[in-house]
Number of protein chains: 2
Amino acid sequence: MARYEGVSASVIRRLPRYYRFLGELKAKGMERISSREFADIIGLTASQIRQDLNCFGGFGQQGYGYNIESLCAEIGRILNVDALRPTILVGAGNLGLALVNHMRFEARGFRLIGIFDSDPEKIGHTIRDWQIQDVARLEAFCQEHHPLAAILCIPKQVAVECADLLVQNGVKGFWNFTHQDLSIIYKDGIAVENVHLGDSLMTLSFNIAEVMDAE
Amino acid sequence: MARYEGVSASVIRRLPRYYRFLGELKAKGMERISSREFADIIGLTASQIRQDLNCFGGFGQQGYGYNIESLCAEIGRILNVDALRPTILVGAGNLGLALVNHMRFEARGFRLIGIFDSDPEKIGHTIRDWQIQDVARLEAFCQEHHPLAAILCIPKQVAVECADLLVQNGVKGFWNFTHQDLSIIYKDGIAVENVHLGDSLMTLSFNIAEVMDAE
DNA sequence: AGTCAAGGGTTAATTTAATTTACAATTGCG
DNA sequence: CGCAATTGTAAATTAAATTAACCCTTGACT
């Protein structure tokens with residue numbers, strides 16, 4: 001049984017936002033906040049925030065509000081940001097490398113343990129602390145180091161083949177930047193977060209057309 | 001009046017997916033498809049596809065199905081992928097450059113006309129066809145070349161200042177990779193597409209914890 | 001030509017989810 | 001000790017997404 005079955009996906013998607021804003025407030029030195037103040041900052045309503053949080057338990061105090069530090073810690077625990085799952089990157093192109101250089105994986109529950117690519121030009125090069133390995137060694141690596149998560153920045157044509165191999169070797173989640181919709185393939189038991197940047201850009205295209213027509 | 005007021009955001013967000021799959025089918029040489037077949041491929045139901053498309057008009061033929069090429073063209077027209085809006089990139093770090101190198105902007109309604117950064121180390125360097133310019137020249141550049149869209153890959157602290165300057169100089173839409181939620185600031189008249197990769201990664205963290213607990 | 005099966009257009013019905021409202025219960029503070 | 005603030009929570013409301021149903025057109029086959 002999953003920990004939080006029945007909590008809707010939209011609530012889950014708001015948690016990282018709460019976490020992000022709370023982290024900023026904490027950094028500013030604030031100690032407590034009411035749902036109303038928080039709502040103004042984050043752009044929601046007070047009751048929605050209270051209701052979202054109550055899906056997971058009561059983290060506030062009546063008459064006082066929420067303690068920023070402890071609420072932040074609670075949401076971090078719900079999101080499992082301390083898990084430090086062994087994670088690999090497959091595909092060391094521009095995008096993959098940008099992610100390695102930019103993302104604070106350790107602050108979000110992931111620990112990078114390997115980078116793979118098929119391009120002989122790239123294999124052997126070192127990015128930060130990691131040496132790019134031949135994707136041919138992927139299965140052997142999995143059997144030795146047991147990654148739980150994988151970041152896919154590879155061409156669509158090889159995405160399914162690669163993902164299947166990883167699933168068979170124990171990977172439980174994908175951060176998927178390929179054009180292949182993996183969520184269609186793995187219905188249960190595997191977590192997939194698709195990031196379709198192209199779709200996002202086209203949505204923007206539509207919305208720009210809308211606001212320009214509205215004038 | 002906007003062109004498609006009243007069409008819900010979730011329908012809009014499905015359009016790029018339709019467009020993407022139709023493009024693949026077209027590339028495979030297929031000519032026609034029924035809503036049922038398409039539903040199986042894309043992972044939805046036939047009637048949802050019919051209903052989504054009917055928000056914009058009737059593109060199919062009863063007893064025949066949809067002509068793939070013309071449906072693809074229609075959706076492209078709705079999404080405005082032929083607009084070729086003058087677009088700038090602000091922030092030439094790893095992520096910004098990965099986007100420039102990877103995204104097919106021209107296929108999605110955008111034409112890159114300039115790249116800006118504040119780092120003297122970067123200014124002057126050439127990426128593909130574009131020379132990185134000093135962000136101090138941003139306003140002058142806008143007044144001369146009138147960009148309509150901007151891709152923001154800059155630190156949170158300068159995001160609002162930069163966005164305000166661009167809005168004042170006619171920019172109508174942002175593809176926002178900063179941690180600053182711009183959609184809170186610009187309610188109407190400006191299109192904002194936030195891409196919070198950190199939030200996406202945390203959502204994955206939650207979902208991996210869920211599937212692992214479910215076992 | 002005529003018949004029939006296939007399949008989209010369209011409206012209605014259903015289900016589900018998101019949101020708001022409301023108020024009792026609790027706490028901090030003066 | 002009492003008041004103002006503010007959460008917890010359930011109920012009510014609203015909105016949206018989804019499914020179902022059926023008519024109508026089209027193309028294919030005889």
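Some points to look at:
- Rounded to the nearest 20 debye, dipole of the stretch A:70-215 from Cβ charges on Lys, Arg, Asp, Glu: 500 debye
- Gap separating the Cα centres of the stretch A:109-166 and the stretch B:14-59, nearest whole Å: 33 Å
- Each Lys and Arg adds +1 at its Cβ and each Asp and Glu adds -1 at its Cβ; summed about the Cα centre, the stretch B:9-78 shows a dipole of about 180 debye.
- Axial C-alpha extent at least 15 Å, average Kyte-Doolittle at least 0.5 - helices from chain B (DSSP): B:68-79, B:156-168, B:197-213
- GluC sites (Glu not before Pro) lying in DSSP loop within the stretch A:45-129, provided at most 15 other Cβ fall within 10 Å: A:Glu121
- Within the protein assembly as shown: Cβ-based charge dipole about Cα centre, in debye rounded to nearest 20 (Lys, Arg +1; Asp, Glu -1): 440 debye
- Each of B:Asp213 and B:Val160 was given a label point 7 Å from its Cα along the Cα-to-Cβ line. The distance between the two points is 3.6 nm.
- Cleavage-rule hits, trypsin sites (Lys or Arg not before Pro), the stretch A:103-167, DSSP coil, Cβ neighbours within 10 Å at most 14: A:Arg104, A:Arg128
- Spherically averaged projected area of the stretch B:9-78 from its Cα convex hull (nm²): 4.1 nm²
- Shortest-first distances to equivalent copies, position B:Pro120, nm, label 7 Å out along Cβ: 4.4
- Sequence-distant contacts, meaning Cα pairs under 8 Å at least 6 residues apart, place the relative contact order of chain A at 13 percent.
- Within chain B, helix-based [θ] at 222 nm, where runs of 4 or more DSSP H residues each add -39,500 (n - 2.57), nearest 500: -14000 deg cm²/dmol
- Calculated FRET efficiency, A:Arg13 to B:Thr126, Cβ-Cβ distance, R0 = 51 Å: about 0.85 to the nearest 0.05.
- Applying the criteria of a DSSP loop state and at most 13 other Cβ atoms within 10 Å to the chymotrypsin sites (Phe, Trp or Tyr not before Pro) of the stretch A:37-88 yields A:Tyr64.
- For chain A, the equivalent ellipsoid derived from the Cα gyration tensor has semi-axes of 35, 22, 17 Å, listed largest first.
- Count Lys and Arg as plus one, Asp and Glu as minus one, and take only other residues whose Cβ is under 11 Å from that of B:Leu148; the net charge is then +3.
- Counting only DSSP beta bridges whose two residues both lie in the stretch B:85-199, roughly 10 percent are antiparallel.
- The slack in the chain from A:Glu5 to A:Glu139, taken as 0.36 nm per residue of separation less the alpha-carbon distance, amounts to 45.0 nm.
No value in this document is a laboratory result; all are computed from the given coordinates. Here the structure is a predicted model, which is why all the values come from computation and not from measurement. Reconstructed Cβ throughout: ideal geometry from the backbone, glycine too, with neighbour counts over all protein chains shown.
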